[in-house]
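Input: a single structure, listed below in structure tokens.
Read the figures in this text as sums done on the coordinates, not as results from a lab. Every value quoted in this text rests on a predicted model; they were computed, and no experiment measured them. When we count neighbours, we look across all protein chains shown, and the Cβ atoms used for this are built from the backbone with ideal geometry, even at glycine.
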Amino acid sequence: MSASLTPGIPELLTPRLRLRGWREDDRAPFAAQNADAETMRYLGGPMTREASDAYLDRTLRHWAEDRCGKWAVELTESGAFVGALGLQRMRFEAPFPCAAGIEIAWRMGRAHWGRGYATEAARAAVAFGFGTLGILDILAFTVPANRASRAVMERLGMHLDGEFDHPLLPEDSPLRRHVLYRLAQG
């Protein structure tokens, strides 16, 4: 096990998962996940190792700047890396109303799909956001065709709140159109 890249990040436990700070040895499995075309189908396509490392470095900065970000997710039984999930401040001017501008997002490795891990981890992250951080509402968004992520959003109790064109994507991108989901505290 390598040293933590994110000391002080709270660890969350669920019946099957550990949401924890990132370690240097997470970079390789995260990069392999990000290089998978099917995993990245709705996220702009496969990433190089350099792009994956830069993405992880941005995630680390989010924790330092915002008190929230994506956790590394692992199986408690084996310690196997599952993916990334967490709360993060949106990095664009929202074309819709939002109280804190906090979204929940996940990226799970394909080998771990269909087992309920994203929903289980997301429930823990939502509880942390509402309880510890005092967030009033949490957003999630994806492309309309991403039925798997939309199903996770719906299992969390999130409600469809409209559609928008993602301002960070080119106008001609087939991924530009997004559906917006919202979950209010209480």
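Listing for the model above:
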item	result
Helix-derived mean residue ellipticity, 222 nm - over the chain, DSSP H n ≥ 4, -39500 (n - 2.57), to 500	-8500 deg cm²/dmol
The chain - Rg over Rh from alpha carbon coordinates, Kirkwood radius	0.93
Segment L168-A37, length gained on full extension (0.36 nm per residue, minus Cα span)	45.1 nm
Neighbour cut-off at most 13 other Cβ (10 Å), DSSP loop, GluC sites (Glu not before Pro), segment 59-148	E77, E93
